[in-house]
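A.B. asks: Questions regarding the structure given below will be posed in turn.
Values in this text are rule-based calculations from the coordinates and carry no lab data. Computed from a predicted structure; not experimentally measured. No Cβ is skipped: glycine too gets one built from the backbone with ideal geometry, and neighbour counts run over all protein chains shown.
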């Protein structure tokens with residue numbers, strides 16, 4: 001990955017350093033979706049001191065040859081390159097008896113990283129068993145730090161990490177690499193805070209995607225160049241990502257499109273796709289395991305809540321399935337301006353949804369100066385209102401058990417300033433929940449794209465929070481480096 005800076009990954013680096021500093025051999029599993037930054041993490045950790053091998057889908061013979069060449073350079077021994085090995089086991093059997101290997105392991109722990117390990121498995125289903133034998137026979141008794149990494153989350157979880165895998169019980173640690181948080185995006189893009197938000201809403205936290213945007217160009221030019229041009233990277237990436245990860249990709253595409261255009265309940269998804277409930281449920285479970293979608297339940301509900309909603313968690317996929325897939329015919333026929341105008345006309349609605357998710361994640365990260373145990377949305381019935389008009393909703397409900405504190409918040413992504421009188425409506429809606437949390441300290445918060453109007457001075461109290469994009473800018477500048 002061609003990342004210009006190594007951003008964040010402090011926790012992951014600490015894990016790797018701690019494992020490397022002890023006296024034991026190590027087998028660390030690193031995995032996460034394509035382009036999320038696994039290779040950059042491994043190379044940054046190794047800093048040139050170790051052997052990094054990128055597997056291909058060419059099969060054992062060619063991968064062994066390529067691995068031999070790297071080993072030959074690393075151990076400064078040409079005999080390794082020219083030797084013939086029938087399989088991985090015989091190769092490692094020879095290496096651990098190599099005099100240069102023995103000398104190196106006496107001085108320090110040797111790092112050997114095999115990236116895209118799933119390619120080896122796809123070419124040879126016995127690879128997990130072979131590497132289990134290699135580790136047990138050779139590596140666990142030597143001063144070696146073995147890293148197995150992969151982008152296919154399903155292969156890594158099923159064939160490497162699962163209880164049924166031959167490698168189960170051998171790993172000494174595992175790291176699932178997640179997308180970068182919003183607070184780091186200004187390390188990549190020199191944009192104002194609104195366009196940083198816009199960029200995050202369409203790209204998410206995948207460094208490779210963010211690097212496709214050019215800060216010298218306006219946001220909408222970047223979007224046009226990268227999403228609305230045939231053959232451009234981000235125009236094609238969603239299909240490549242899903243087809244490389246999923247079988248029966250067509251059915252997953254239909255489900256993701258259904259969710260992206262507003263079908264969030266299970267019965268709505270079934271109705272849109274024409275699939276039965278059991279089939280859709282199975283596909284949804286797979287998409288959740290990949291962290292592509294997530295369930296939403298109202299604040300205070302338990303795990304048995306049945307009428308949960310499903311949202312696409314990944315911003316890039318959410319944008320792509322909402323705007324790119326339904327308009328592929330137009331894009332393929334070079335009707336770029338038509339599609340762009342359609343996106344612009346709807347973008348505030350889309351951004352409003354993403355803004356709510358963003359604010360909830362930032363509250364988890366301490367946006368308000370405090371931390372909360374649970375941050376989610378709430379919806380439910382107001383018994384005092386007539387049927388059909390009795391559903392209430394609060395964008396954000398956050399709770400701290402330690403402080404016995406509850407926060408109620410509303411998010412507004414509009415081009416106009418919002419009235420602080422929304423606090424009064426928020427107080428009214430929150431009464432239903434306060435019947436249960438009646439002894440809590442209560443805070444009310446408004447989060448606005450464009451700021452506020454009204455008698456703001458009367459609301460400057462410790463139980464009222466008003467935040468706009470300037471406050472988000474201050475937060476990421478203070479916390480995102």
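A.B. asks: Using a simple spin-label model with points 7 Å from Cα along the Cα→Cβ vector, what separation in nm is obtained for residue 126 and residue 473?
C.D. replies: 6.3
A.B. asks: Quote the FRET efficiency, to the nearest 0.05, computed for residue 305 versus residue 82 with a Förster distance R0 of 56 Å and r equal to the Cβ-Cβ distance. It would help to have the intermediate numbers written out before the result.
C.D. replies: Values: r = 64 Å, r/R0 = 1.14.
So, using R0 = 56 Å, E works out to roughly 0.30.
A.B. asks: Now for a separate question. How much of the pair distance distribution for the stretch 238-375 lies past 26 Å, counting alpha-carbon pairs only, in percent?
C.D. replies: Percentage above 26 Å: 31.
A.B. asks: OK, next. Residues in the stretch 343-380 near a label at residue 404, defined as backbone nitrogen under 20 Å from the 7 Å Cα→Cβ point?
C.D. replies: Of the residues in the stretch 343-380, 370-374 have backbone N under 20 Å from the label point off residue 404.
A.B. asks: Can you tell me the relative contact order of the stretch 146-206? Whole percent, Cα pairs under 8 Å, sequence separation 6 or more. Show your work: numbers first, answer last.
C.D. replies: On the way: 25 pairs, mean separation 14.7, N = 61.
Value for the stretch 146-206: 24 percent.
A.B. asks: Also, I was wondering about something else. Which distance in nm do the two modelled labels at residue 441 and residue 18 give, with both placed 7 Å along the Cα-to-Cβ direction?
C.D. replies: 3.1
A.B. asks: Still on this structure, I have one more. Where in the stretch 155-172 does the amide nitrogen come within less than 17 Å of the point 7 Å from the Cα of residue 289, taken along Cα to Cβ?
C.D. replies: 155-168, by backbone N distance to the label point.
A.B. asks: What distance in nm separates the two pseudo spin-label positions at residue 158 and residue 236, each 7 Å out from Cα along the beta-carbon direction?
C.D. replies: The answer from the label model is 2.6 nm.
A.B. asks: Still on this model: Mind ranking 355-365, 9-19, 39-49 by how tightly packed they are, going by the mean number of other C-beta atoms within 10 angstrom, highest first?
C.D. replies: Peptide ranking by packing, descending: 355-365, 39-49, 9-19.
A.B. asks: Please express the Cα-Cα pair-distance distribution P(r) of the stretch 338-452 as a list of whole percents, one per 5 Å bin, running from 0 to the bin with the greatest distance.
C.D. replies: 2, 10, 19, 20, 20, 14, 8, 4, 2, 1, 0
A.B. asks: Continuing with this model, one more query. Provide the convex hull volume over Cα atoms per residue for the stretch 289-368, in Å³.
C.D. replies: 136
A.B. asks: What's the Cα-based Rg to Rh of the chain, Rh via Kirkwood?
C.D. replies: Computed over Cα atoms, the ratio is 1.02.
A.B. asks: Here's something else I'd like to know. With angles folded into 0 to 90 degrees, how steeply does helix 60-74 sit against the dominant principal axis of the chain? Use alpha carbons for both and round to 10.
C.D. replies: Once rounded, one gets 80 degrees.
A.B. asks: Determine, for each peptide in 198-210, 395-407, 296-308, 164-176, the mean count of other beta carbons within 10 angstrom over its residues, then list the peptides with the highest first. Before the final figure, lay out the partial values.
C.D. replies: On the way: 198-210: 23.0, 395-407: 17.7, 296-308: 12.7, 164-176: 15.8.
With the highest mean Cβ count within 10 Å placed first, the list reads 198-210, 395-407, 164-176, 296-308.
A.B. asks: How high is the relative contact order of the chain, given as a whole-number percent (alpha carbon pairs under 8 Å, six or more residues apart)?
C.D. replies: For the chain, the relative contact order is 12 percent.
A.B. asks: At 222 nm, what value in deg cm²/dmol follows for the chain if DSSP H runs of at least 4 each add -39500 (n - 2.57) and the sum is divided by all its residues, to the nearest 500?
C.D. replies: Rounded to the nearest 500, the figure is -13000 deg cm²/dmol.
A.B. asks: Over the stretch 275-428, calculate the relative contact order: mean separation of alpha carbon pairs under 8 Å at least 6 apart, over the residue count, as a percent. Walk me through the numbers on the way to the answer.
C.D. replies: Values: 154 pairs, mean separation 24.8, N = 154.
16 percent.
A.B. asks: How would you order 428-436, 27-35 from highest to lowest mean count of nearby Cβ atoms within 10 Å?
C.D. replies: 27-35, 428-436
A.B. asks: On to the next question. Give, in nm to one decimal, the length gained when the segment between residue 96 and residue 370 is fully stretched (0.36 nm per residue of separation minus the Cα-Cα distance). Each step should come with its number before you reach the end.
C.D. replies: Numbers: separation 274, 0.36 × 274 = 98.64 nm, distance 5.24 nm.
Stretched fully, the residue 96-residue 370 segment lengthens by 93.4 nm.
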